[in-house]
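The values are calculated or read from the model by the stated rules, or taken from the named source; none is laboratory data. Note that the coordinates shown come from a computational prediction; the quantities given were computed from them, not determined experimentally. Here the Cβ is made from the backbone with ideal geometry for all residues, glycine too, and neighbour counts use every protein chain on show.
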Amino acid sequence: MVRLQPNGNPVVVEGVQISTPGLQGNVEVFRPGRSDVRGRTTWSQPFADALDAQNVRTELVLDMADTQETPSLAPAGSRNTTYGEPAIVIDAPNPGEDWGQVVLYTDESGVTTWNYPLTSRNELDTTRAGTRSTFVIPRRVVRPTSDQPDDSRGIAGSLAKKVLSLVIFPILDPLFGKVGEVFAGKWERERRPYGFRTWTPANWQQGAGDSVDWASIDGRKSLLLVHGTFSRTQPCFGAFPSEGVERLHDIYEGRLLAFDHFTLSEDPDQNVEWFMRNLPDGVHLELDVICHSRGGLVSRVLAEQSDRFETGADGINVRRVVFVATPNSGTVLADPQHMKEWLDAYTNILNYFPPNGVTDAIETVVTVVKHAAIGALEGLKGLQSMRPSGDYLKTLNRPTSQKPEYFAMTADYEPIEAGWSQMLKDRAMDSIFGGQNDLVVPTAGVFSKNGSNLFPIAKTLEFGDREGVYHSGFWGNQMAQDQLLEWLGG
């Protein structure tokens, strides 16, 4: 164990140089072979399983204990983060051009962030050619407040220390090729394939449903569910209470189906192209839709533009769409400069509110982390479709002759958990969004005017900052359940 130097002088442990100006405490380094390095991390088993599935390997763990901020001892000109926070600066051996490298940092409150190698200007270092890599990691000493639950949930509960895990992954994956333009598509085809499935009281919390009986829904009012980014049907809608699923089953006389689709490598047009191409010949669909997040963009293409795509089906009529936390005006987190904030937000949503299927969701996040770590975001068209200033939304948000009935649910979320609240305050999330948000999507962007003649949406349900509804937290809320059933005819 080595003492950290609050005067900014670096300490070297196991070949790793650590600088903590303004922070004192102790640090110990653990490596594979010398200790159970995985056991030194704070990850839950699902999180560890997701990293293993993605061929992510832990190289070392830095365990910082008894930390205390002493800013008066920090020298002038100490290196800070992009957002001006005091930093832990790690200088570590570079594993070489064939490997990507990331530091996973978990603070005392359980908040976990992804941190990439940076240049001296705090810009992403994508060279991978040097012998050393530098990580500039924002730090906080956060203790639980009286409002924070004292149970350990999700990826990590409250800790008495800071834990920094240096992890690496092969740039050339043995199954999916080189991380880059086609990697995400190959990964999704293998691990998150397209498909239709039933969604019923018997299987709504299961990873797979039955095959859809198209003859039974041909020409009859049916309900379609469309999931959002980083998700699939089961983890997205698995938090529905059984009573709500039963009621929807009654309203639609059992005609409930869902659409699993790519969310990373293909845009909503490509999603709908697959949907239309794989409908049975001659079938006619009369659909109401419940959609979450990016799934709302897919649903809009179905509702407004399905006649653009080749199909043997007799057509689709989308009657009603309930948009839940949909970025109809985009989300700034889809811009490359804010991709880290998006990944951190989702990681901590999965931490504090772990859904069924959390391993699948984390594995999808890690796929994007790999792209972000080496600056290869060009292979993520599904995410780029949500950029507020991007070409995709400019095209989608144009007047249409179709007249589906639109409804919207949205939220302004303010966390009460001490660490997460501090992280969001430090990162000025409201400033990044330019106002209220649900951690991922701007509150008003779900329903507000955007250029389409179908917006603004008049029939909306908005949750305020004291109601505890976040981006993926609508399904368990009774008010949301009641409003959803009212809109859909229940």
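For the stretch 27-55, the tally of residues that are more than 14 Å from Thr106 (Cβ to Cβ), among the small types (Gly, Ala, Ser) and part of a helix (DSSP H, G or I) stands at 3. Tallying residues that are farther than 27 Å from Leu383 by Cβ and in contact (Cβ under 8 Å) with a residue 40 or more places away in the chain within the stretch 469-483 yields 2.
Taking the stretch 268-296, which residues are assigned to a loop (DSSP other than H, G, I, E, B), over 29 Å from the mean Cα position of the chain (by Cα) and crowded, with 18+ Cβ neighbours inside 10 Å? Answer for the stretch 268-296, where residues must be assigned to a loop (DSSP other than H, G, I, E, B), over 29 Å from the mean Cα position of the chain (by Cα) and crowded, with 18+ Cβ neighbours inside 10 Å: Leu279, Val283. Among the residues of the stretch 177-233, those identified as in contact with a Lys or Arg (Cβ under 6 Å, 6 or more places away or on another chain) and among the hydroxyl-bearing types (Ser, Thr, Tyr) are Ser222, Thr229. In summary, Leu256 fulfils each of the numbered conditions (1) in contact (Cβ under 8 Å) with a residue 60 or more places away in the chain; (2) under 16 Å from Gly295 (Cβ atoms); (3) in contact with a helix residue (DSSP H, G or I) (Cβ under 9 Å, 6 or more places away or on another chain) with the single exception of condition (1). Quick check on the stretch 341-357. Is at least one of its residues of a type outside the set (A, V, I, L, M), touching a helix residue (DSSP H, G or I) at 6+ places or on another chain (Cβ under 9 Å), in contact (Cβ under 8 Å) with a residue 24 or more places away in the chain and more than 22 Å from Cys236 (Cβ to Cβ)? Scanning the stretch 341-357 turns up no residue that is of a type outside the set (A, V, I, L, M), touching a helix residue (DSSP H, G or I) at 6+ places or on another chain (Cβ under 9 Å), in contact (Cβ under 8 Å) with a residue 24 or more places away in the chain and more than 22 Å from Cys236 (Cβ to Cβ). Being of a type outside the set (Val, Ile, Thr), free of Cβ contacts under 8 Å to residues at least 60 places away in the same chain, assigned to a helix (DSSP H, G or I) and not assigned by TED's automatic domain parsing to the domain that holds Asp107 is not true of Lys370. Pro75: assigned to a loop (DSSP other than H, G, I, E, B), more than 29 Å from Ile432 (Cβ to Cβ) and at pLDDT below 90, yes or no? In short, yes. For Thr70, the stated conditions do not hold, so it cannot be described as touching a residue at least 12 places away in the same chain (Cβ under 8 Å), polar (S, T, N, Q) and buried (at least 18 other Cβ atoms within 10 Å of the Cβ).
Within the stretch 314-328, the set of residues being at negative phi, crowded, with 21+ Cβ neighbours inside 10 Å and not in a strand (DSSP E or B) comprises Thr326, Pro327, Asn328.
Yes/no matrix, rows are residues, columns are (1) among the hydrophobic types (A, V, I, L, M, F, W, C); (2) more than 24 Å from Tyr346 (Cβ to Cβ); (3) part of a helix (DSSP H, G or I); (4) touching a helix residue (DSSP H, G or I) at 6+ places or on another chain (Cβ under 7 Å):
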{"position": "Gly445", "(1), (2), (3), (4)": "no, no, yes, no"}
{"position": "Ser448", "(1), (2), (3), (4)": "no, no, no, no"}
{"position": "Glu462", "(1), (2), (3), (4)": "no, no, no, no"}
{"position": "Gly489", "(1), (2), (3), (4)": "no, yes, no, yes"}
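Whether any residue in the stretch 424-438 is modelled with pLDDT under 90, of a type in the set (S, T, N, Q) and touching a Lys or Arg at 6+ places or on another chain (Cβ under 6 Å) is what I want to check. No, because not a single residue in the stretch 424-438 is modelled with pLDDT under 90, of a type in the set (S, T, N, Q) and touching a Lys or Arg at 6+ places or on another chain (Cβ under 6 Å). Scanning the stretch 6-37 for residues that are closer than 18 Å to Ala92 by Cβ and either in contact with a helix residue (DSSP H, G or I) (Cβ under 7 Å, 6 or more places away or on another chain) or not assigned by TED's automatic domain parsing to the domain that holds Glu69 (or both) returns a single hit, Phe30. Scanning the stretch 43-66 for residues that are over 21 Å from Phe176 (Cβ atoms) and surrounded by fewer than 16 Cβ atoms within 10 Å (Cβ to Cβ), we see that the one that is modelled with the lowest pLDDT is Gln45.
For the stretch 30-42, does any single residue satisfy the condition of being surrounded by fewer than 21 Cβ atoms within 10 Å (Cβ to Cβ) and among the aliphatic types (A, V, I, L, M)? Yes, that holds for at least one residue. Arg308 fulfils the conditions (1) surrounded by fewer than 22 Cβ atoms within 10 Å (Cβ to Cβ); (2) within 25 Å of Glu97 (Cα to Cα); (3) of a type in the set (Lys, Arg) except for a single criterion, (2). When you check Trp475 against the structure, is it modelled with pLDDT under 90, within 30 Å of Gly110 (Cα to Cα) and buried (at least 17 other Cβ atoms within 10 Å of the Cβ), yes or no? In short, no.
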